[in-house]
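The values are calculated or read from the model by the stated rules, or taken from the named source; none is laboratory data. Bear in mind the structure is a predicted one, so any value in this text is a computation, not a measurement. No Cβ is skipped: glycine too gets one built from the backbone with ideal geometry, and neighbour counts run over all protein chains shown.
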Amino acid sequence: MRIAIVGMGVAGAYLASQLHENHEVVCFERLSEKDFDAVCAWGTSKFGISEFAADCNLDFDDYVIQDGKTMYLDTPAGILKIPLIGLCTFDKKNFVKDMMGKCAVNYGTNIGLDFPKEEYDLVIDSTASRRLLPHLDEQLFIPCIQYLVKYDKVPFDDFYIKPLADLSGYFWYFPLGEHYGHVGAGDSRKNHVKACDDFMVKYPGKIQKTVGRPIRITPPSRCQPFKEGNVIGVGEAIGTVYPMLGEGIIPSLQCARILVKHLEDFPKYRAAVLDEFKIYDSIYNFVTSKIAGKFNPILGLPKLISLYRHMKKNQSRYGMEVRASDLLSLVKL
Ligand SMILES: Cc1cc2nc3c(=O)[nH]c(=O)nc-3n(C[C@H](O)[C@H](O)[C@H](O)COP(=O)(O)OP(=O)(O)OC[C@H]3O[C@@H](n4cnc5c(N)ncnc54)[C@H](O)[C@@H]3O)c2cc1C
(Lines give C-alpha, C1' and ligand atoms only; values in the text may rest on other atoms or scores of the structure.)
Protein backbone atom coordinates (compact mmCIF):
# COMPACT_ATOMS: atom_id res chain seq x y z
CA MET A 1 0.00 0.00 0.00
CA ARG A 2 1.01 3.64 -0.37
CA ILE A 3 0.69 5.03 3.15
CA ALA A 4 1.03 8.60 4.46
CA ILE A 5 1.90 8.95 8.14
CA VAL A 6 1.03 12.41 9.43
CA GLY A 7 2.70 13.33 12.74
CA MET A 8 6.04 11.80 13.66
CA GLY A 9 5.61 11.50 17.40
CA VAL A 10 5.97 8.22 19.21
CA ALA A 11 3.06 6.47 17.40
CA GLY A 12 3.95 7.79 13.93
CA ALA A 13 7.64 6.90 14.30
CA TYR A 14 6.80 3.38 15.54
CA LEU A 15 4.45 2.86 12.58
CA ALA A 16 7.06 4.12 10.11
CA SER A 17 9.56 1.60 11.47
CA GLN A 18 7.08 -1.29 11.30
CA LEU A 19 5.50 -0.55 7.92
CA HIS A 20 8.23 0.82 5.66
CA GLU A 21 9.61 -2.57 4.62
CA ASN A 22 6.33 -3.89 3.22
CA HIS A 23 4.69 -0.65 2.09
CA GLU A 24 5.54 2.60 0.42
CA VAL A 25 5.52 4.93 3.42
CA VAL A 26 5.64 8.74 3.19
CA CYS A 27 6.08 10.60 6.51
CA PHE A 28 5.08 14.17 7.36
CA GLU A 29 5.98 16.22 10.42
CA ARG A 30 4.85 19.75 11.25
CA LEU A 31 8.08 20.76 13.01
CA SER A 32 11.26 21.47 11.11
CA GLU A 33 14.09 18.97 11.53
CA LYS A 34 16.09 21.58 13.49
CA ASP A 35 13.20 22.29 15.90
CA PHE A 36 11.93 18.72 16.12
CA ASP A 37 11.19 17.89 19.74
CA ALA A 38 9.23 15.42 21.80
CA VAL A 39 7.01 17.76 23.86
CA CYS A 40 6.63 15.63 26.94
CA ALA A 41 8.10 15.15 30.44
CA TRP A 42 9.95 12.08 29.13
CA GLY A 43 8.74 9.77 31.90
CA THR A 44 7.87 6.16 31.22
CA SER A 45 8.12 2.64 32.57
CA LYS A 46 11.08 0.80 31.14
CA PHE A 47 9.29 -2.50 31.65
CA GLY A 48 6.35 -1.22 29.63
CA ILE A 49 8.25 0.35 26.76
CA SER A 50 11.18 -2.03 26.20
CA GLU A 51 9.21 -4.44 24.02
CA PHE A 52 8.27 -1.61 21.64
CA ALA A 53 11.91 -0.53 21.43
CA ALA A 54 12.83 -4.14 20.63
CA ASP A 55 10.24 -4.18 17.80
CA CYS A 56 12.28 -1.35 16.26
CA ASN A 57 15.61 -3.11 16.95
CA LEU A 58 16.49 -0.60 19.66
CA ASP A 59 17.69 -1.24 23.21
CA PHE A 60 15.63 0.98 25.50
CA ASP A 61 18.39 1.06 28.13
CA ASP A 62 20.46 3.18 25.72
CA TYR A 63 17.96 6.03 26.16
CA VAL A 64 17.43 6.02 29.93
CA ILE A 65 18.44 9.31 31.57
CA GLN A 66 17.48 8.56 35.15
CA ASP A 67 16.15 5.44 36.80
CA GLY A 68 13.56 6.36 39.41
CA LYS A 69 13.62 4.84 42.88
CA THR A 70 10.94 6.81 44.71
CA MET A 71 8.11 9.06 43.68
CA TYR A 72 7.35 11.82 46.16
CA LEU A 73 3.59 12.35 46.07
CA ASP A 74 2.79 15.64 47.77
CA THR A 75 -0.70 15.50 49.31
CA PRO A 76 -2.38 17.74 51.92
CA ALA A 77 -1.78 14.89 54.40
CA GLY A 78 1.97 14.96 53.76
CA ILE A 79 4.48 13.56 51.33
CA LEU A 80 3.93 9.91 50.42
CA LYS A 81 6.91 7.94 49.17
CA ILE A 82 5.89 5.53 46.42
CA PRO A 83 8.45 2.85 45.53
CA LEU A 84 9.12 2.80 41.80
CA ILE A 85 9.41 -0.29 39.62
CA GLY A 86 11.03 0.84 36.37
CA LEU A 87 9.72 4.41 36.13
CA CYS A 88 12.46 6.41 34.48
CA THR A 89 13.12 9.47 32.34
CA PHE A 90 14.54 8.86 28.89
CA ASP A 91 15.77 10.76 25.86
CA LYS A 92 12.46 10.64 24.05
CA LYS A 93 13.53 12.93 21.23
CA ASN A 94 16.38 10.66 20.12
CA PHE A 95 14.32 7.54 20.81
CA VAL A 96 11.60 8.77 18.43
CA LYS A 97 14.17 9.79 15.82
CA ASP A 98 15.89 6.41 16.03
CA MET A 99 12.56 4.60 15.69
CA MET A 100 12.09 6.40 12.37
CA GLY A 101 15.46 5.00 11.36
CA LYS A 102 16.14 5.56 7.70
CA CYS A 103 12.54 6.48 6.80
CA ALA A 104 12.52 9.77 4.93
CA VAL A 105 10.48 12.41 6.77
CA ASN A 106 9.05 15.57 5.21
CA TYR A 107 9.80 17.89 8.13
CA GLY A 108 8.27 21.35 8.42
CA THR A 109 5.07 20.19 6.68
CA ASN A 110 1.92 21.19 8.53
CA ILE A 111 -0.71 18.93 7.01
CA GLY A 112 -4.18 20.46 6.82
CA LEU A 113 -7.57 19.54 5.47
CA ASP A 114 -6.37 20.31 1.92
CA PHE A 115 -3.98 17.33 2.04
CA PRO A 116 -4.36 15.24 -1.16
CA LYS A 117 -5.56 12.08 0.62
CA GLU A 118 -6.63 10.47 -2.65
CA GLU A 119 -2.94 10.03 -3.58
CA TYR A 120 -2.64 7.40 -0.82
CA ASP A 121 -4.31 4.11 -0.04
CA LEU A 122 -4.18 4.99 3.63
CA VAL A 123 -3.51 8.20 5.59
CA ILE A 124 -2.55 7.61 9.21
CA ASP A 125 -3.47 10.46 11.54
CA SER A 126 -0.93 10.42 14.38
CA THR A 127 -1.16 14.15 15.12
CA ALA A 128 -2.18 13.80 18.82
CA SER A 129 -4.16 16.89 19.83
CA ARG A 130 -4.80 18.25 16.32
CA ARG A 131 -6.53 15.47 14.34
CA LEU A 132 -7.23 15.27 10.62
CA LEU A 133 -10.25 13.13 11.44
CA PRO A 134 -13.61 14.89 11.97
CA HIS A 135 -13.74 17.49 14.72
CA LEU A 136 -15.24 16.21 17.99
CA ASP A 137 -17.37 18.50 20.12
CA GLU A 138 -17.03 16.86 23.49
CA GLN A 139 -13.33 16.54 24.13
CA LEU A 140 -11.53 17.23 27.37
CA PHE A 141 -8.10 18.77 26.88
CA ILE A 142 -5.88 19.59 29.84
CA PRO A 143 -3.69 22.62 29.08
CA CYS A 144 -0.04 21.99 29.99
CA ILE A 145 3.17 23.92 30.27
CA GLN A 146 6.66 22.64 30.93
CA TYR A 147 10.11 24.13 31.51
CA LEU A 148 13.42 22.41 31.01
CA VAL A 149 15.39 23.77 33.97
CA LYS A 150 19.10 23.71 34.71
CA TYR A 151 20.07 23.71 38.37
CA ASP A 152 23.36 23.97 40.23
CA LYS A 153 21.76 21.61 42.73
CA VAL A 154 18.51 19.90 41.74
CA PRO A 155 15.55 20.43 44.14
CA PHE A 156 14.62 16.71 44.14
CA ASP A 157 16.77 13.68 43.41
CA ASP A 158 13.78 11.76 42.04
CA PHE A 159 10.22 12.06 40.72
CA TYR A 160 7.99 14.58 42.51
CA ILE A 161 4.25 15.03 41.87
CA LYS A 162 1.76 17.37 43.47
CA PRO A 163 -1.89 16.75 42.50
CA LEU A 164 -3.98 19.92 42.34
CA ALA A 165 -7.28 20.36 44.22
CA ASP A 166 -10.10 18.00 43.10
CA LEU A 167 -7.59 16.24 40.83
CA SER A 168 -8.12 19.03 38.28
CA GLY A 169 -4.53 18.40 37.24
CA TYR A 170 -1.11 18.01 38.72
CA PHE A 171 2.33 19.56 38.97
CA TRP A 172 5.38 17.45 38.15
CA TYR A 173 9.13 17.56 38.59
CA PHE A 174 10.78 14.80 36.54
CA PRO A 175 14.51 14.32 37.15
CA LEU A 176 16.92 14.48 34.21
CA GLY A 177 20.23 13.62 35.84
CA GLU A 178 22.52 15.67 38.02
CA HIS A 179 21.65 19.21 36.85
CA TYR A 180 18.40 19.13 34.89
CA GLY A 181 14.72 18.57 35.47
CA HIS A 182 11.40 18.93 33.66
CA VAL A 183 9.17 21.26 35.66
CA GLY A 184 5.61 21.14 34.39
CA ALA A 185 1.93 21.19 35.16
CA GLY A 186 -1.41 20.50 33.53
CA ASP A 187 -4.65 21.80 34.95
CA SER A 188 -8.21 21.82 33.62
CA ARG A 189 -8.79 24.93 35.77
CA LYS A 190 -5.87 26.65 34.06
CA ASN A 191 -3.69 27.15 37.14
CA HIS A 192 -0.86 25.23 35.47
CA VAL A 193 1.36 28.26 34.73
CA LYS A 194 0.97 29.52 38.30
CA ALA A 195 1.83 26.08 39.71
CA CYS A 196 5.10 26.05 37.72
CA ASP A 197 5.97 29.64 38.47
CA ASP A 198 5.37 29.16 42.21
CA PHE A 199 7.77 26.20 42.07
CA MET A 200 10.37 28.27 40.22
CA VAL A 201 10.18 30.95 42.92
CA LYS A 202 10.71 28.32 45.61
CA TYR A 203 13.40 26.40 43.69
CA PRO A 204 15.05 28.86 41.28
CA GLY A 205 16.96 27.50 38.32
CA LYS A 206 17.73 28.54 34.78
CA ILE A 207 14.87 27.89 32.33
CA GLN A 208 16.41 26.53 29.13
CA LYS A 209 13.24 25.86 27.17
CA THR A 210 9.47 26.34 27.55
CA VAL A 211 6.98 24.09 25.77
CA GLY A 212 3.29 23.46 26.08
CA ARG A 213 0.29 21.90 24.46
CA PRO A 214 -3.03 20.53 25.68
CA ILE A 215 -3.32 16.79 26.38
CA ARG A 216 -6.43 15.00 25.18
CA ILE A 217 -7.74 12.86 28.04
CA THR A 218 -11.06 11.84 26.50
CA PRO A 219 -10.89 8.05 26.12
CA PRO A 220 -11.03 6.23 22.75
CA SER A 221 -14.71 5.26 23.16
CA ARG A 222 -15.52 9.01 23.01
CA CYS A 223 -13.05 9.85 20.22
CA GLN A 224 -14.90 8.01 17.47
CA PRO A 225 -14.89 7.75 14.53
CA PHE A 226 -11.34 6.42 14.29
CA LYS A 227 -11.70 6.34 10.52
CA GLU A 228 -13.15 8.54 7.83
CA GLY A 229 -12.62 7.64 4.19
CA ASN A 230 -9.01 6.49 3.93
CA VAL A 231 -7.88 8.41 7.07
CA ILE A 232 -7.36 6.31 10.18
CA GLY A 233 -6.45 7.65 13.64
CA VAL A 234 -3.90 6.29 16.08
CA GLY A 235 -2.43 7.29 19.46
CA GLU A 236 -3.52 10.41 21.28
CA ALA A 237 -5.48 11.54 18.19
CA ILE A 238 -8.01 8.86 19.23
CA GLY A 239 -7.61 9.29 22.98
CA THR A 240 -5.00 6.75 24.08
CA VAL A 241 -3.92 8.71 27.16
CA TYR A 242 -4.37 7.43 30.70
CA PRO A 243 -6.84 10.08 31.95
CA MET A 244 -5.65 10.35 35.55
CA LEU A 245 -1.94 10.63 34.79
CA GLY A 246 -1.81 12.18 31.31
CA GLU A 247 0.45 9.25 30.45
CA GLY A 248 0.35 8.71 26.68
CA ILE A 249 3.65 7.23 25.48
CA ILE A 250 3.08 3.53 26.13
CA PRO A 251 -0.67 3.66 25.33
CA SER A 252 0.07 5.32 21.96
CA LEU A 253 2.64 2.62 21.19
CA GLN A 254 0.12 -0.06 22.18
CA CYS A 255 -2.41 1.53 19.84
CA ALA A 256 0.14 1.75 17.00
CA ARG A 257 0.99 -1.92 17.43
CA ILE A 258 -2.71 -2.82 17.23
CA LEU A 259 -2.91 -0.86 13.98
CA VAL A 260 0.05 -2.77 12.52
CA LYS A 261 -1.72 -6.02 13.39
CA HIS A 262 -5.06 -5.03 11.84
CA LEU A 263 -3.88 -2.60 9.17
CA GLU A 264 -6.21 -4.00 6.55
CA ASP A 265 -9.16 -4.82 8.74
CA PHE A 266 -10.61 -1.64 10.28
CA PRO A 267 -13.48 -3.28 12.25
CA LYS A 268 -10.92 -5.48 14.02
CA TYR A 269 -8.68 -2.46 14.71
CA ARG A 270 -11.60 -0.50 16.16
CA ALA A 271 -12.76 -3.41 18.32
CA ALA A 272 -9.24 -4.15 19.59
CA VAL A 273 -8.61 -0.49 20.50
CA LEU A 274 -11.92 -0.21 22.35
CA ASP A 275 -11.18 -3.42 24.20
CA GLU A 276 -7.56 -2.53 25.11
CA PHE A 277 -8.54 0.88 26.49
CA LYS A 278 -11.96 0.18 28.00
CA ILE A 279 -10.62 0.72 31.54
CA TYR A 280 -9.99 4.37 30.51
CA ASP A 281 -13.77 4.93 30.47
CA SER A 282 -14.09 4.40 34.23
CA ILE A 283 -10.92 6.37 34.94
CA TYR A 284 -12.21 9.24 32.79
CA ASN A 285 -15.56 9.17 34.63
CA PHE A 286 -13.74 9.21 37.96
CA VAL A 287 -11.51 12.15 36.95
CA THR A 288 -14.34 14.23 35.43
CA SER A 289 -16.64 13.65 38.41
CA LYS A 290 -13.80 14.69 40.78
CA ILE A 291 -13.17 17.86 38.76
CA ALA A 292 -16.90 18.67 38.79
CA GLY A 293 -17.01 18.05 42.56
CA LYS A 294 -19.60 15.30 42.00
CA PHE A 295 -17.62 12.21 42.94
CA ASN A 296 -19.55 10.03 45.36
CA PRO A 297 -17.10 7.68 47.15
CA ILE A 298 -19.86 5.14 47.94
CA LEU A 299 -21.41 4.94 44.47
CA GLY A 300 -17.96 5.22 42.88
CA LEU A 301 -16.39 2.47 44.99
CA PRO A 302 -16.79 -0.38 42.45
CA LYS A 303 -15.07 1.75 39.78
CA LEU A 304 -12.27 2.61 42.17
CA ILE A 305 -11.77 -1.04 43.02
CA SER A 306 -11.58 -2.00 39.34
CA LEU A 307 -9.10 0.85 38.73
CA TYR A 308 -6.97 -0.32 41.65
CA ARG A 309 -7.06 -3.95 40.47
CA HIS A 310 -6.09 -2.96 36.93
CA MET A 311 -3.12 -0.89 38.09
CA LYS A 312 -2.02 -3.41 40.70
CA LYS A 313 -2.02 -6.21 38.12
CA ASN A 314 0.02 -4.05 35.74
CA GLN A 315 2.22 -2.24 38.24
CA SER A 316 5.51 -2.80 36.42
CA ARG A 317 3.83 -1.54 33.24
CA TYR A 318 2.94 1.63 35.21
CA GLY A 319 6.42 1.74 36.72
CA MET A 320 5.42 1.92 40.37
CA GLU A 321 4.17 -0.04 43.33
CA VAL A 322 0.40 0.41 43.34
CA ARG A 323 -1.01 0.72 46.86
CA ALA A 324 -4.64 1.15 47.82
CA SER A 325 -3.69 3.72 50.48
CA ASP A 326 -2.10 6.03 47.85
CA LEU A 327 -5.18 5.79 45.67
CA LEU A 328 -7.41 6.63 48.64
CA SER A 329 -5.34 9.70 49.40
CA LEU A 330 -6.04 10.92 45.85
CA VAL A 331 -9.76 10.28 46.27
CA LYS A 332 -9.72 12.52 49.36
CA LEU A 333 -8.27 15.51 47.44
C1 LIG B 1 3.77 18.69 28.58
C2 LIG B 1 3.47 17.21 28.37
C3 LIG B 1 4.13 16.28 29.15
C4 LIG B 1 3.86 14.91 28.96
N5 LIG B 1 4.57 14.00 29.70
C6 LIG B 1 4.36 12.69 29.50
C7 LIG B 1 5.18 11.73 30.18
O8 LIG B 1 6.11 12.07 30.94
N9 LIG B 1 4.92 10.42 29.95
C10 LIG B 1 3.93 9.99 29.11
O11 LIG B 1 3.74 8.77 28.96
N12 LIG B 1 3.17 10.87 28.44
C13 LIG B 1 3.38 12.21 28.58
N14 LIG B 1 2.66 13.11 27.86
C15 LIG B 1 1.68 12.62 26.88
C16 LIG B 1 2.43 12.07 25.67
O17 LIG B 1 3.49 12.93 25.30
C18 LIG B 1 1.50 11.89 24.45
O19 LIG B 1 0.25 11.41 24.84
C20 LIG B 1 2.12 10.93 23.44
O21 LIG B 1 3.37 11.42 22.98
C22 LIG B 1 1.15 10.79 22.27
O23 LIG B 1 1.81 10.11 21.22
P24 LIG B 1 1.35 10.40 19.73
O25 LIG B 1 2.35 9.72 18.86
O26 LIG B 1 -0.08 10.09 19.59
O27 LIG B 1 1.51 11.99 19.56
P28 LIG B 1 2.81 12.91 19.74
O29 LIG B 1 3.93 12.15 20.33
O30 LIG B 1 2.36 14.15 20.43
O31 LIG B 1 3.18 13.27 18.24
C32 LIG B 1 2.35 14.02 17.41
C33 LIG B 1 3.24 14.58 16.31
O34 LIG B 1 2.41 15.09 15.26
C35 LIG B 1 2.96 16.31 14.81
N36 LIG B 1 1.85 17.03 14.19
C37 LIG B 1 0.76 17.53 14.82
N38 LIG B 1 -0.07 18.08 13.91
C39 LIG B 1 0.49 17.88 12.70
C40 LIG B 1 0.10 18.23 11.38
N41 LIG B 1 -1.05 18.86 11.14
N42 LIG B 1 0.94 17.91 10.35
C43 LIG B 1 2.11 17.26 10.57
N44 LIG B 1 2.51 16.91 11.82
C45 LIG B 1 1.72 17.22 12.86
C46 LIG B 1 3.51 16.95 16.09
O47 LIG B 1 4.46 17.96 15.82
C48 LIG B 1 4.12 15.72 16.79
O49 LIG B 1 5.45 15.51 16.40
C50 LIG B 1 2.91 14.49 28.01
C51 LIG B 1 2.25 15.44 27.22
C52 LIG B 1 2.54 16.80 27.39
C53 LIG B 1 1.84 17.80 26.52
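One line per residue, one yes/no per condition, for (1) assigned to a strand (DSSP E or B); (2) among the β-branched types (Val, Ile, Thr); (3) surrounded by 18 or more Cβ atoms within 10 Å (Cβ to Cβ):
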{"position": "Lys93", "(1), (2), (3)": "no, no, no"}
{"position": "Gly108", "(1), (2), (3)": "no, no, no"}
{"position": "Ile111", "(1), (2), (3)": "no, yes, yes"}
{"position": "Ser129", "(1), (2), (3)": "no, no, no"}
{"position": "Asp137", "(1), (2), (3)": "no, no, no"}
{"position": "Ile145", "(1), (2), (3)": "yes, yes, yes"}
{"position": "Val149", "(1), (2), (3)": "yes, yes, yes"}
{"position": "Lys153", "(1), (2), (3)": "no, no, no"}
{"position": "Phe156", "(1), (2), (3)": "no, no, no"}
Exercise. Which number in (1) assigned to a strand (DSSP E or B); (2) modelled with pLDDT of 95 or more; (3) away from the ligand (no atom under 11 Å from the Cβ) marks the one condition that Thr44 misses?
Worked result: (3)
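Quick test for you: out of Arg323, Arg216, Arg317, Arg309, pick the one residue that is more than 23 Å from Leu140 (Cβ to Cβ) and within 16 Å of the chain's Cα centre (by Cα). Walk me through it before giving the result.
Numbers: Arg323 fails: within 16 Å of the chain's Cα centre (by Cα); Arg216 fails: more than 23 Å from Leu140 (Cβ to Cβ); Arg309 fails: within 16 Å of the chain's Cα centre (by Cα).
From the options Arg323, Arg216, Arg317, Arg309, the qualifying one is Arg317.
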Exercise. What residue, of Ile258, Ile250, Ile232, is within 16 Å of the ligand (Cβ to nearest atom), in a strand (DSSP E or B) and modelled with pLDDT of 95 or more?
Worked result: Ile232
Exercise. Is region 263-275 home to any residue that is crowded, with 17+ Cβ neighbours inside 10 Å and over 22 Å from Ile217 (Cβ atoms)?
Worked result: yes
Problem set entry | Number of positions in region 203-217 that are away from the ligand (no atom under 12 Å from the Cβ) and in contact (Cβ under 8 Å) with a residue 40 or more places away in the chain | 5
Exercise. For region 108-129, what are the residues that are within 14 Å of the ligand (Cβ to nearest atom), closer than 17 Å to Ala11 by Cβ and not small (Gly, Ala, Ser)?
Worked result: Ile111, Val123, Ile124, Asp125, Thr127
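Residues to consider are Ile85, Ile79; find the one that is without any contact (Cβ under 8 Å) to a residue 24 or more places away in the chain and either surrounded by 20 or more Cβ atoms within 10 Å (Cβ to Cβ) or away from the ligand (no atom under 14 Å from the Cβ) (or both).
Unique residue meeting the criteria: Ile79.
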Problem set entry | Residue count for region 275-305, restricted to those that are more than 20 Å from the chain's Cα centre (by Cα) and among the charged types (D, E, K, R) | 3
